[in-house]
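Below is one structure; the comments refer to it alone.
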Amino acid sequence: MIATTIRGVHGRRVWDSRGRPTVEAEVELESGTVGRAIAPAGASKGSGEAVELRDADGFDVRGAVANVNGYIAQALVGADVEDQENVDRLLLAADGTPDKRRLGGNALIAVSMAALHAAAAAHGQPLWRYLAADATSVPLPEIQIFGGGAHAARRIDIQDLMVVCPSARSFAEALERTAAIYRAAGAYLADQHLLQGVADEGGYWPVFGSNEEALDALVRAVESAGLVPGSDAAISLDIAASQFGSAAGYSLGCDGMVLDTDGMIALLERWIERYPIVSIEDPLAEDDCEGFRRFTAAFGSKVQVIGDDRLVTNTARVRNAGTARLCTGVLIKPNQAGTITETRAALAVARESGMAAIVSARSGETEDVTIAHLAVGWKAAQLKVGSFSRSERMAKWNEMLRIEEAIGPVATLASPFRKCV
Ligand code: PGA
Ligand code: ZN
């Protein structure tokens, strides 16, 4: 037996940031080394994601945890974690379904990530360095200031109103600016009696009268923080349009409008012209392929157009999106794919297709910081984690500060938008 052989796999039921049960997995090696990871959970999901296995009550994950302790442990004992592709092949074979519905994408991703952690620990290295010893670039964070859509009872239709800091020289500096903007936004909302609380990803959950009021408030918050909108801090949006529309029509509850695809594109054009927007995710619904194509043809050179719900970190879908020029960037969420190997393959295809890759958390998260390591180890230029509050978000930002420090003076912040502003 070699030291990196799996001796045991243990599943445990833990709780996520929405107070819902989720799957934690531990992979123990013959050497005694243990890797641990926790599955996140989405709320505004794409229909093609790996299936998150819930019990008959639609809430609990006892079945998925039992699968980790039973079928998955049986399949993996004796495998070598240094061969992650083989570990993931064994996971897929144990599940045997195309969408991972038998054992659960949540069970599989927790174990797949835990195996990767075990391999890194066996090498005595932090995960990012195990994946790329030569990594010197840290990703640009996109950080939510206001939350809406499915994460905030649909008080505004736009799901994520975020900022990116294209001219920041370090991750630490990008966080400094974001912290100032977040504080300014909170002070403004409190002053205007608009504040309700924070949404699922920690962004303020305000009572705005329209989507544009939210955009105006965001620009005001950047200015109040003493920053220049556009160059110091630009806007990134996740419209998450599948949540309020389809190719048949878009119902913007906050604006009291129902738009067709042309109307939706015209509205987004107006926002691109009026606000310092550098990136738009899911501008149209996942089934509105033609809308995506037309939007990207018209605005893909002005703003980054990211596909999430339609692409679901799936290599075939990412490849198709690249060929059909549906978007210019891809959100990469490990639990959408269900294994590390498939996640990494989707990112590789995005790169081959000339598309940007944004490693992303989910709205249901935990203290697990794997994605911060994946973003650096896989050399992704952007990282999306949610807002600047709630410890499941701050854990990832803080981990990236540690990684930036560990890389040392050669660390550089990726700058995908420097040319845009
Ligand atoms: P989810 O949404 O994690 O709630 O599915 C996040 C996103 O749409 O990017
Ligand atoms: Zn999204």
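Looking only at segment 74-100, which residues have a backbone nitrogen under 18 Å from a spot 7 Å from the Cα of Glu352 in the C-beta direction? Residues 85 fall inside that zone.
With a 10 Å radius around each residue's Cβ, average the other Cβ atoms per peptide and rank 252-258, 80-86, highest first.
Top of the packing list down: 80-86, 252-258.
Counting Lys and Arg as +1 and Asp and Glu as -1 over every other residue whose Cβ lies under 11 Å from the Cβ of Leu131, the net charge comes to +2. Charge tally for Asp80 (other residues, Cβ to Cβ under 15 Å; Lys, Arg +1; Asp, Glu -1): -4.
Rounded if a/c is under 1.5, else prolate if a/b beats b/c, else oblate: with a ≥ b ≥ c from the C-alpha gyration tensor eigenvalues square-rooted, which is the chain?
In terms of gyration-tensor shape, prolate.
Peptides 266-274, 386-394 ranked from most to least packed by the mean count of surrounding Cβ atoms within 10 Å: 386-394, 266-274.
Over segment 46-113, the ratio between the Cα radius of gyration and 2.2 N^0.38 Å evaluates to 1.08. An oblate overall shape is assigned to segment 106-205, the ratio a/c of its alpha-carbon gyration tensor axes (a ≥ b ≥ c) being 1.5 or greater and a/b not exceeding b/c. Measuring between their Cα centroids, segment 298-363 and segment 182-253 lie 25 Å from each other. Share of carbon and sulfur in the accessible area of the chain stands at 49%, probe radius 1.4 Å. Each peptide among 134-142, 108-116 gets the average number of other Cβ atoms lying within 10 Å of its residues, and from highest to lowest they stand as 108-116, 134-142.
Helical runs (DSSP H, four residues minimum) scored at -39500 (n - 2.57) apiece and divided by the length of the chain put the mean residue ellipticity at 222 nm at -11500 deg cm²/dmol. Accessible area per residue for the chain, computed on protein heavy atoms with a 1.4 Å probe, is 36 Å².
With both residues required to sit in the chain, DSSP beta bridges show an antiparallel share near 55%.
Could you give the angle, 0 to 90 degrees to the nearest 10, between helix 105-122's Cα long axis and the longest principal axis of the Cα atoms of the chain? Helix 105-122 sits roughly 70 degrees off the main axis of the chain. Axis of helix 171-191 versus longest Cα principal axis of the chain: the two differ by about 50°, to the nearest ten degrees. Lysine pair count for the chain with Cα-Cα distance under 16 Å and sequence separation of 8 or more or different chains is 9.
Projecting the Cα positions of Cys254, Ala395, Cys289 onto the charge dipole of the chain (unit charges on Cβ atoms of Lys, Arg, Asp and Glu, taken about the Cα centre) puts Ala395 furthest along the positive direction. If I fit a long axis through the Cα atoms of helix 391-407 and take the longest principal axis of the Cα atoms of the chain, what angle between them do I get, 0 to 90°, rounded to 10? With rounding to tens, the tilt is 80 degrees. Given R0 = 45 Å, the distance between the Cβ atoms of Val219 and Ala133 translates into a calculated FRET efficiency of 0.60. Quickly work out the Ser170-to-Asn69 label distance, labels modelled 7 Å from Cα along the C-beta direction, and quote it in nm with one decimal. Spacing of the two 7 Å Cα→Cβ label points: 4.6 nm. Stretched out straight at 0.36 nm per residue, the stretch from Arg294 to Asn320 would grow longer than its current Cα-Cα span by 7.8 nm. Give, as ranges by residue number, the residues of segment 63-97 whose backbone N falls under 11 Å from the point 7 Å along Cα→Cβ of Ile2. Under cut-off, by backbone N: 80-84.
The values are calculated or read from the model by the stated rules, or taken from the named source; none is laboratory data. These numbers come from a predicted model, not from an experiment. Every residue, glycine among them, receives a Cβ derived from its backbone with ideal geometry; neighbour counts consider all protein chains shown. Just the protein is used for accessible areas: all its heavy atoms, side chains included, with ligands, DNA and RNA removed. Shrake-Rupley method; radii C 1.70, N 1.55, O 1.52, S 1.80 Å.
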